[in-house]
Amino acid sequence: MRVAVILLLVLLLLLAVALTGLQSVRNRLAAANESISQLKRDLRISGQALDELTASAKRNERAQVVLREQIVAAHRLATRRNQTMTRLLNENETLRRWYQSALPDDVARLHNRPEFATPDDYLRWLSEGQQLPDTGKPAEN
């Protein structure tokens with residue numbers, strides 16, 4: 001009878017150890033399932049971000065194509081204007097003399113400005129600038 005009780009106690013001990021091990025496996029399985037769920041969510045979010053970035057890249061590429069076409073068109077227009085100006089200057093002596101003459105002092109002064117490090121420097125320079133004389137009134141000395 002004693003042997004039966006000892007065997008029963010050993011079996012109960014083994015059963016307790018097995019149940020503890022089983023609970024440990026269940027806990028690890030639950031943690032692994034939660035980790036898999038989190039990874040799936042992260043993967044879905046990453047996929048959505050990748051889709052958005054791909055769409056943005058395609059939009060940017062189309063915008064670059066449009067800008068390049070605009071640059072080409074602007075270059076063609078500038079070339080045509082320069083050719084027209086050259087042709088007119090070659091054909092018209094009066095226009096050529098006017099084109100080569102010096103600008104009036106007030107107009108030439110408009111073309112002279114310092115270099116600016118920031119946009120604020122430019123705005124400050126504009127607000128502190130000298131006013132041009134009113135051409136309808138005689139200049140005050």
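Every read-out reported here was derived from the displayed coordinates using simple, explicitly stated rules and does not represent laboratory data. The structure presented is a predicted model; accordingly, all values stated were derived computationally and were not measured. Don't worry about glycine lacking a Cβ; one is built from the backbone with ideal geometry, like all the others, and counts go over all protein chains shown.
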Mind checking whether some residue in the range 4-19 is among the aliphatic types (A, V, I, L, M), more than 49 Å from the chain's Cα centre (by Cα), more than 30 Å from Gln100 (Cβ to Cβ) and exposed (fewer than 10 other Cβ atoms within 10 Å of the Cβ)? yes
Determine, yes or no, whether Gln23 is in a helix (DSSP H, G or I), within 51 Å of the chain's Cα centre (by Cα) and not small (Gly, Ala, Ser). no
Checking the conditions here, which among Asp51, Asp120, Asp42, Asp106 is loosely packed, with under 10 Cβ neighbours inside 10 Å, acidic (Asp, Glu) and in a helix (DSSP H, G or I)? Asp120
Being hydrophobic (A, V, I, L, M, F, W, C) and more than 34 Å from the chain's Cα centre (by Cα) is the filter here; which residues of the range 76-94 pass it? Met85, Leu88, Leu89
